[in-house]
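S.K.: First, the structure itself, so that you have it in front of you.
Please treat every number below as a calculation from the coordinates, not as lab data. Worth saying up front: this structure is predicted, and the values here are computed from it rather than measured. Heads up, the Cβs are rebuilt from the backbone with ideal geometry, glycines too, and the neighbour counts pull from every protein chain shown.
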Amino acid sequence: MFRRKKKEEQTDAPPAVNGSDSAAPEAVPASAPESVAAETSAAPGAPSVPAADPAEAGAVAADKAPKSRRGNRVQKVGTVSSDKMQKTVVVRVDRLVLHPKYRRYVRRTSKFMAHDDLGATTGDRVRIVETRPLSTRKRWRVVEIVQKAAK
């Protein structure tokens, strides 16, 4: 069904060039991969080895800097099915799952309790994001109201 890759096809490095070929695709300094490998192999608490070039050290530090402190949190879009609680809404999230036997798509529904400071009402499409536990069953927060319900 699927063809396995041969040993020589599995390497990501470009093929070795025999002789002196002046049309090399990119000239990569030999010290660059070693300095990156030294920083990644260091222990988490150990001080990092400074790079020879200060501009290069700043570029490596900028690449390693996290984009946000909390990382990528799971986001879901669903419909508000209940808003009878104070600052809490119940959001119904539908997804389509392929049935293993019948090969048809079946709609599955999950209900999440979410903290709501925006004032979403029943029927609104909202985007929720996971957060720390706010109560026994509430672990989501309403980030935006995607579409208001038709009145």
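S.K.: Assuming a strict under-20 Å limit between Cα atoms, what lysine pair count do you get for the stretch 75-147 once near-sequence pairs (fewer than 8 apart, same chain) are dropped?
M.R.: Going through the stretch 75-147 pair by pair, I get 8.
S.K.: Please list the non-local residues whose amide H lies under 5 Å from the amide H of THR88, H modeled 1.01 Å from N, same-chain partners needing a gap of 5 or more.
M.R.: The answer is ASP116.
S.K.: Taking the simple approach of a point 7 Å from Cα along Cα-to-Cβ for both VAL129 and ARG108, what is their distance in nm?
M.R.: According to this spin-label approximation, the distance is 2.5 nm.
S.K.: Related question: Loop only per DSSP, at most 11 neighbouring Cβ atoms within 10 Å: give me the chymotrypsin sites (Phe, Trp or Tyr not before Pro) in the stretch 87-151, ordered by residue number.
M.R.: TYR102
S.K.: Please report the antiparallel percentage of DSSP beta bridges with both residues in the stretch 75-147, rounded to the nearest 5.
M.R.: Counting DSSP beta bridges with both partners in the stretch 75-147, the antiparallel share is about 90 percent.
S.K.: Let me ask another. When the Karplus curve 6.51 cos²θ - 1.76 cosθ + 1.60 is applied with θ = phi - 60°, which whole-Hz ³J(HN,Hα) does each residue of the stretch 101-118 get, with x for Gly and Pro?
M.R.: Residue by residue, the stretch 101-118 yields 8, 8, 6, 10, 7, 10, 7, 10, 10, 10, 10, 10, 8, 10, 6, 10, 9, 8 Hz.
S.K.: Name the residue farthest towards the positive end of the dipole of the stretch 75-147 from the options GLN147, VAL126, VAL93, assuming +1 on Cβ of Lys and Arg, -1 on Cβ of Asp and Glu, about the Cα centre.
M.R.: VAL93
S.K.: I would also like to ask the following. Compute the Cα gyration tensor for the stretch 88-151, then decide on rounded, prolate or oblate, letting a ≥ b ≥ c be the square roots of its eigenvalues: rounded whenever a/c is under 1.5, prolate when a/b is larger than b/c in the other cases, and oblate in all that remain.
M.R.: oblate
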